[in-house]
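As structure tokens, the structure follows; a few thoughts come after it.
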């Protein structure tokens, strides 16, 4: 160990992968995993890029690892659902080079549509699970996970949770170890023809048995016993929470949580009067301990199964006491409901959809906020790429005025097959592809429509119109995302079409560097013309607030001159700020059947 750095868990995972000699890394952005690849792209020795979805990323990683190199694949917990097919199959053949997949789970659903514990998926796949709890462990466990993968010829899951991924701490770092690739033997009996899987299945169980023996002595797990009556079995960051609340207890710290060291754990339970099992998510450890015969354990019945753990939650559950914290929380934080950014092009889309009173099948992205006030114009949201299939189902069930909304990145992720199905089944769906040139909700990561890769190097731009036409859609239009009237007309035209229709609503995300760099004249409210009709408030732009005289006012520092409020004002009371010599932005045609 040479240097010490202040790193987040995700940054430490990236550093650990680099130190382990990883040469290939890919994944799909999703909180809380995104920063791993964003950190790793800074290491030139690693070929790092975003894939179009998690399944593609996983399969690319398989190819690299089977060829003998060390590969890392990263994703959030629901991303592993997309990659579940290769995840379940790969363990049969095993790997040549080290292969690690990071599953970043999200207890508390901070930025996710479910609370999924992927330890169960790993157990189903017979894949060992490593769970770091500190940034230092993130680095060390990542390095060791590649050693474990190659020692047993198995893919390994490194599971983190939100706090582990985003907490920060001092980390001792080292140098990179260059690992020579393992020679690739293209053996079809191992890597091809599923019928050979019957021969591989017993070998998979044998490997799992050897891993169970390894689990009893692995340095991933640590036991501290001093004869106290209370014991704690904990994993990941839950270990830190438990130590704050029960500093005097004995601890069985689990870093390898599958397979579990059941012999050691049962001995630990026998040596203590009471053992608390502290684990965020489902009772993965607790269930296995109970099944193995442990009777003196206390877990989910006390701590609960839903949401994220904390020292306060554990303390209140154990003895009802209020856990003392240095942070003063007596002053409540103001309410901050989620909303679109200033000038976001999605705002016009959902304003128009709300006015048209259509049923909207939404998808995963910033535009999910279209379901919230003041729009409340998104009625279904399930998972990545589901909107088009949902809309097909709605239409076939008789819900005629149904619209699917999907982002550019999500469309490429898992939306294309459903659009093909709409064409094939001749279902007259109306699809809006919100093309803002980026993967916006996770932090403006590039995708195939962006024109550059994650290293900032120019890349081919995918032609969305050509792609949509290539799958058989005849009715395709492109609309400016800030032209509310044109959006409304496009939706009405698509609804009247007797086949699948696609409107590509195009306009760059306001948070992209090129948008931030623009020097445009901000808009202001002319109080002499304002009638207090409050139409401009309807879009709930954060830059528009109530002024000192009760009239709406526009924050000139926040305004990005998207002109949407200007389009809504019937009295031409919203004008460019004059005086800097910039051109006045033109307004789209407001002729939209009386709505403006």
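Observations
- Unmet requirement for residue 110, which otherwise passes all of (1) out of contact with any strand residue (DSSP E or B) (no Cβ under 7 Å at 6 or more places or on another chain); (2) modelled with pLDDT of 95 or more: (2)
- Condition met for residue 522 (touching a residue at least 24 places away in the same chain (Cβ under 8 Å), outside the structural domain of residue 465 (by TED's automatic domain parsing), in contact with a helix residue (DSSP H, G or I) (Cβ under 8 Å, 6 or more places away or on another chain) and more than 19 Å from residue 405 (Cβ to Cβ)): no
- In the condition set (1) under 14 Å from residue 433 (Cα atoms); (2) in contact with a strand residue (DSSP E or B) (Cβ under 8 Å, 6 or more places away or on another chain); (3) surrounded by fewer than 15 Cβ atoms within 10 Å (Cβ to Cβ), residue 504 is compliant with all but (3).
- Every residue from region 454-473 that is on the phi < 0 side of the Ramachandran plot, without any contact (Cβ under 8 Å) to a residue 40 or more places away in the chain and not in a helix (DSSP H, G or I): 457, 458, 459, 460, 461, 463
- Odd one out for residue 549, checked against (1) assigned to a helix (DSSP H, G or I); (2) over 30 Å from residue 411 (Cβ atoms); (3) at pLDDT below 90: (1)
- Condition check for residue 229: modelled with pLDDT under 90 and either surrounded by fewer than 16 Cβ atoms within 10 Å (Cβ to Cβ) or more than 19 Å from residue 270 (Cβ to Cβ) (or both): no
- Residue match in region 53-66 (condition: over 25 Å from residue 153 (Cα atoms), part of a helix (DSSP H, G or I) and under 16 Å from the mean Cα position of the chain (by Cα)): no
- Any hit, region 445-453, residues being assigned by TED's automatic domain parsing to the domain that holds residue 499, farther than 30 Å from residue 35 by Cβ and either at pLDDT 90 or above or touching a helix residue (DSSP H, G or I) at 6+ places or on another chain (Cβ under 9 Å) (or both): no
- Qualifying residue in region 446-458 (condition: buried (at least 20 other Cβ atoms within 10 Å of the Cβ) and out of contact with any strand residue (DSSP E or B) (no Cβ under 6 Å at 6 or more places or on another chain)): yes
- Residues in region 388-413 that are assigned to a loop (DSSP other than H, G, I, E, B) and either in contact (Cβ under 8 Å) with a residue 24 or more places away in the chain or at negative phi (or both): 4 in all.
- Within region 132-159, the set of residues being within 18 Å of residue 98 (Cβ to Cβ), outside any helix (DSSP H, G or I) and under 21 Å from the mean Cα position of the chain (by Cα) comprises 132, 156, 157, 158, 159.
- Qualifying helices (runs of 4 or more DSSP H) (wholly inside region 216-324; at least 2 residues being in contact (Cβ under 8 Å) with a residue 40 or more places away in the chain): 238-245, 262-270, 284-292, 311-319
The values are calculated or read from the model by the stated rules, or taken from the named source; none is laboratory data. Since the structure is predicted, the reported quantities are computational estimates derived from the model, not experimental observations. Neighbour counts are summed over all protein chains in view; Cβ atoms, including those assigned to glycine, are modelled from backbone coordinates with ideal geometry.
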